[in-house]
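The values are calculated or read from the model by the stated rules, or taken from the named source; none is laboratory data. What you see is a predicted model; the values in this text were computed from it and never measured. Every residue, glycine as well, gets a Cβ built from its backbone with ideal geometry; the counts of neighbours run over all protein chains shown. Remember, those area values only see protein heavy atoms, side chains included, never the ligands or the DNA or RNA. Shrake-Rupley method; radii C 1.70, N 1.55, O 1.52, S 1.80 Å.
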Amino acid sequence: EFQIQAGQAVIATYPDPDWADLYYRYALVWIPSTQQSNPEKESYDKKAVPVVAYSTDKTLHFKNAAALLKCQVNQASATRIRFYGLNDEAVAGSAIAVMKENGEIDNIGVLGGNEYSVELSDASGGALRSSWNYYISIIPNTFASGFGIELLNAEGEVVFTKKYNKSITINRNTILDLGTLGEGSDQTYSDKLYVVGTYNDWRHEYSTYL
């Protein structure tokens, strides 16, 4: 619970507030390079999907700062999924969310010292579940030469690889469907990948407003 003065600007981040600058309307967000599936349902790692809000009234309209990748797994020995850009683009770590005066996100800027791959494991600690929807959170970015996605076994060996070999921009607040991984030998995506939806922005009203 907190209080603000009427008309005072507020910038907020979740889940891990770090620093923000009200004058320039930006906030640091963090996407971890190691993620776990949500054990309660087929969902993303709640700690891996940052949101940001900027407001001058009593309602915080939180905007999603990450992009999500959706996939299924059909490989009995796989325990982790790894995603990476073919030109070593940043996919995890620190980024700056720059906000507009109306509370929308203007852009997501990548900072130095980022991670160039991100891995997702099952919350059970065991093999990835067949036909389960897995979601990987990444920094929104343009992948100039495409990307790769791999399945790894418990020993860290790559057991399956699939690549997309064309430039692609993956935007914030979108869910990109990467299909089923592990069927057959290593593969290359066709020309088309589909955004299958968005995940909802949300809002919060201050518990106390002066």
### Query
With respect to I139, is the statement that it is among the β-branched types (V, I, T), out of contact with any Cys (no Cβ under 6 Å at 6 or more places or on another chain) and open to solvent by 20 Å² or more (accessible area, probe 1.4 Å) true?
no
### Query
If you go through the stretch 31-56 one residue at a time, how many are open to solvent by less than 80 Å² (accessible area, probe 1.4 Å), polar (S, T, N, Q) and over 16 Å from N114 (Cα atoms)?
5
### Query
If you check F62 against the conditions, is it aromatic (F, W, Y), at pLDDT 95 or above and either within 19 Å of V29 (Cα to Cα) or open to solvent by less than 30 Å² (accessible area, probe 1.4 Å) (or both)?
no
### Query
Can you pull out the residues in the stretch 110-140 that are without any contact (Cβ under 8 Å) to a residue 60 or more places away in the chain and either assigned to a strand (DSSP E or B) or within 12 Å of the chain's Cα centre (by Cα) (or both)?
V110, S130
### Query
So which residues in the stretch 160-179 are in a strand (DSSP E or B) and more than 28 Å from P50 (Cβ to Cβ), if there are any at all?
F160, T161
### Query
What number of residues within the stretch 48-72 are touching a strand residue (DSSP E or B) at 6+ places or on another chain (Cβ under 8 Å) and either basic (K, R) or over 30 Å from E150 (Cβ atoms) (or both)?
12
### Query
Can you find even one residue in the stretch 19-32 that is assigned to a loop (DSSP other than H, G, I, E, B), at negative phi and at pLDDT 90 or above?
yes
### Message
Can you go through L86, L28, L68 and tell me which one is among the aliphatic types (A, V, I, L, M) and either free of Cβ contacts under 8 Å to residues at least 40 places away in the same chain or open to solvent by 30 Å² or more (accessible area, probe 1.4 Å) (or both)?
### Response
L86
### Task
Can you work out which of the residues in the stretch 142-158 that are open to solvent by 50 Å² or more (accessible area, probe 1.4 Å) and not in a loop (DSSP other than H, G, I, E, B) is nearest to A127 (Cα to Cα)?
V158
## Note on the structure
Screening Y44, Y84 for residues that are part of a loop (DSSP other than H, G, I, E, B) and closer than 30 Å to V158 by Cβ leaves only Y44
### Test result for D106, open to solvent by 20 Å² or more (accessible area, probe 1.4 Å) and on the phi > 0 side of the Ramachandran plot
no
### Task
Could you check T161 against (1) under 19 Å from the mean Cα position of the chain (by Cα); (2) surrounded by 15 or more Cβ atoms within 10 Å (Cβ to Cβ) and say which number it fails?
(1)
